[in-house]
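One structure below.
The values are calculated or read from the model by the stated rules, or taken from the named source; none is laboratory data. Bear in mind that the values here come from a model prediction, so they are computed numbers and not experimental data. Every residue, glycine among them, receives a Cβ derived from its backbone with ideal geometry; neighbour counts consider all protein chains shown.
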Amino acid sequence: MWRIKHIFDGDFGCEERAPGQEDLVSVTIVSDGGEEKYVTVADAWLRERGLDVGSAWPEET
């Protein structure tokens, strides 16, 4: 099983997004065996699923 270790919002306001572009976040996930992976997903996708640090990462992704 993979769990969310860290969520990083890299938007510091110094660069503008294109109109209609989604807010993206970088997510560090870690397996039960200690392997780490980094993924980028829409912030809204995380919120819609109620995912936060410590949450299990959905298997379908």
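Strands (runs of 3 or more DSSP E) fully within the range 1-47 that include at least 1 residues being modelled with pLDDT under 95 and of a type outside the set (A, V, I, L, M, F, W, C): 24-31, 36-42.
Please determine, by comparing only the residues of the range 34-55 that are of a type in the set (Lys, Arg) and closer than 17 Å to Asp23 by Cβ, which one is farthest from the chain's Cα centre (by Cα). Even if it seems obvious, please write down each step before you answer.
Filtering the range 34-55 down to residues of a type in the set (Lys, Arg) leaves 37, 47, 49.
From what's left, closer than 17 Å to Asp23 by Cβ: 47, 49.
On the way: Arg47: 10, Arg49: 11 Å.
This residue is Arg49.
Only one of the numbered conditions (1) surrounded by fewer than 11 Cβ atoms within 10 Å (Cβ to Cβ); (2) modelled with pLDDT under 95; (3) under 23 Å from Met1 (Cβ atoms) is not met by Gly50, and that is (2).
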